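Asker: I'd like to ask some things about the structure below.
Read the figures in this text as sums done on the coordinates, not as results from a lab. From a predicted model like this one, the values you see are computed outputs, not experimental measurements. As a convention, Cβ positions derive from the backbone with ideal geometry for all residues, glycine included, and neighbour counts pool all protein chains shown.
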Amino acid sequence: MENRQVRAIAGARVSHVQGSEKTSHLDQHETGAKYTANQGWDLVGSFEDLDVSALNTSPWDRPDLGPWLNDRAHEWDALVVAKTDRLFRSAKDATDLAHWAEQNNKILVMVDDGLKLDFFHPQDEQDPFAVMLAKIFLILSAMFAELEGRRFVQRAQSRVRFLRPTDRWGWGIAPYTHIVIDHPSGTGKALALNPVTQPVVHDVVERRLLIEDQSMTNIAVSLNDEKVLTPRDQRRVERGEKPQGESWTVNQLMRILTSLATQGIKLANGKPVLDDEGRPVRVGPPTFSGEVWDQLQGLLKERSGEPRKRRHSTNPLLGVGKCGECGASLRQRSQTTPAGKTHRYYVCGRSPKACLGVSIRADDAEEIVAQTFLEDCGSLVVLRRVFQPGEDHSYELAEVEQTIESLREDRALGLFSGPEDEARYRDQMRALIARRDVLRALPSRVAGWIYEPTGTTYAEDWASAEVERRRKLLTEAGVVFRLHEPNQWAVEVPDDMKDRMRQASSS
Ligand SMILES: [Zn+2]
């Protein structure tokens, strides 16, 4: 027996054929095959147990592995799997299989766990202590796999399944805006609004963003100043732990304000889970009304298009000054003369290489802009930019179109493989396309900014305004200061804006 070539079988076991796990049995095959090749063994077979829970099924009863352990046991010498939990999830299975291997002179290898039980090669060639240790570790790791398996089963029983949507909250932590409660039906879980965090998000959206138009940075800073708990700290407190005093970040806020989870929609891998009609599945009440949510998404989208115009800054012409050569925004630069006097300049802000010669004394530029603009529009009524929510379904339409797109992607990635999946894909797609066509046919008014006349003129407002307010008057009127050279510049007010101002002033 000593010099006989070892014949190996390599296996993989995947308990749910869906999502990212779908490809994992392929990886495991590779692990087993690679190990076998490294040992110089012959790979004589493989088994692939799909959709069988190892916790409930002993190795001898599994459809593909079973035969190798029963009728075909004489065809191989070594059994190679990637991990212990791929072979069994109970300590009893482990001891049984170890015992069986000993009686049948087999080798058991769990590659990733670094475990090898060798009853194939003569025992006197091996360190008996090492064999004993391997047995102990095998049983120990099976015990841990058993524990983990129990948890896995608990989770899986009510888990979010992409292809089997329900209105139950599956598993995982609730979004910041919600808490997990028992489902009203008595089985499973659902989401309810979190009484602690709801006032926070409503204040952020309805006051700070939609009324006061604060920047995200400012909002994050004031949440920190007011010692509002971050999502993670909030969860800690809810679990009865101590908060760690973490700080809010703009990214964190953006996630909360843009994720559909905030609206009680069930997500899987960041995408809405759909029901049979292709509609997003709701697991909890929405935080905001559809109108406010649309308004919020419109505002955030608008801002992401012009991120730098929004930040409060010390650049009085931010969002107004543009390089006449390359179109980049002008930036400020200070220069100190040999006499020790410091001057502010506006220069081309292109990076890494700014346009040469595009430079003007900042005081001059600001005066030019103010004078030209006020000569042009000073007597006209100030228009205030107000976000008007769409009366249409453009947001929902965009959502449906996006869902269609992601379903197509998922399918292209091979996530719908079985005939059942394929049928579901077709049903969802048919429903979505029908929904899209209905939405497209509805009359629409796209959500966006409108201009409301105020009671005062630009000249009046300008006189009493601070730097930041002046900048806002300019940017909202669409004014651009285009600089070519120190003495060559233009102040442009868009014609449509001027028409609007004239119209508002004459009525
Ligand atoms: Zn430039």
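Asker: Mean shadow of the stretch 459-507, computed from the convex hull of its alpha carbons, in nm²?
Answerer: 4.4 nm²
Asker: If you don't mind, another one. Compute the length gained on full extension between D42 and H99: take 0.36 nm times their separation in residues and subtract their Cα-Cα distance, giving the result in nm to one decimal.
Answerer: Values: separation 57, 0.36 × 57 = 20.52 nm, distance 2.40 nm.
Result: 18.1 nm gained on full extension.
Asker: Each residue of the stretch 340-350 in turn: what ³J(HN,Hα) in whole Hz from Karplus with 6.51, -1.76, 1.60 and θ = phi - 60°, glycine and Pro shown as x?
Answerer: Per residue, the Karplus-derived 3J(HN,Hα) values read x, 9, 9, 10, 8, 10, 9, 10, 4, x, 5 Hz.
Asker: If packing is taken as the average count of other Cβ atoms within 10 Å, what order do 227-238, 487-498 fall into, highest mean first?
Answerer: Going from most to least packed, we get 227-238, 487-498.
Asker: Same structure, new question: Take the Cβ-Cβ distance between R384 and V237 as r, set R0 to 60 Å, and report the resulting FRET efficiency rounded to the nearest 0.05.
Answerer: Details: r = 41 Å, r/R0 = 0.68.
Step by step, r from the Cβ atoms, then E = 0.90.
Asker: If the reach is capped at under 20 angstrom between alpha carbons, list the lysines near K353, excluding any in the same chain fewer than eight residues apart.
Answerer: Leaving aside lysines fewer than 8 places away in the same chain, those within reach of K353 are K322.
Asker: Is there a pair in K34/K83; K271/K301; K83/K106; K227/K266; K106/K135 whose C-alpha atoms are over 21 Å apart, and which pairs would that be? Working shown, then result.
Answerer: Values: K34/K83 14 Å; K271/K301 19 Å; K83/K106 17 Å; K227/K266 30 Å; K106/K135 13 Å.
Distance filter (> 21 Å) returns K227/K266.
Asker: Within the stretch 345-380, which residues have the backbone N less than 16 Å from the label spot 7 Å out from C326 along Cα→beta-carbon, could you tell me?
Answerer: What the label zone holds, given the 16 Å backbone N cut-off, is 346-360.
Asker: For L133 and I368, calculate 0.36 nm times their separation in residues minus their Cα-Cα distance, and state this gained length in nm to one decimal. Please list the in-between numbers first.
Answerer: On the way: separation 235, 0.36 × 235 = 84.60 nm, distance 8.48 nm.
76.1 nm is the gain from fully extending L133 to I368.
Asker: Give the Kirkwood hydrodynamic radius (Å, one decimal) of the stretch 178-305, defined as one over the mean of 1/r across all pairs of different Cα atoms.
Answerer: Value: 15.9 Å, from the Cα pair sum.
Asker: Cut-off 17 Å, label point 7 angstrom out along Cα-to-Cβ of I433: give me the residues of the stretch 254-282 whose amide nitrogen falls inside.
Answerer: Only 277-279 fall inside the zone, counting backbone N under 17 Å.
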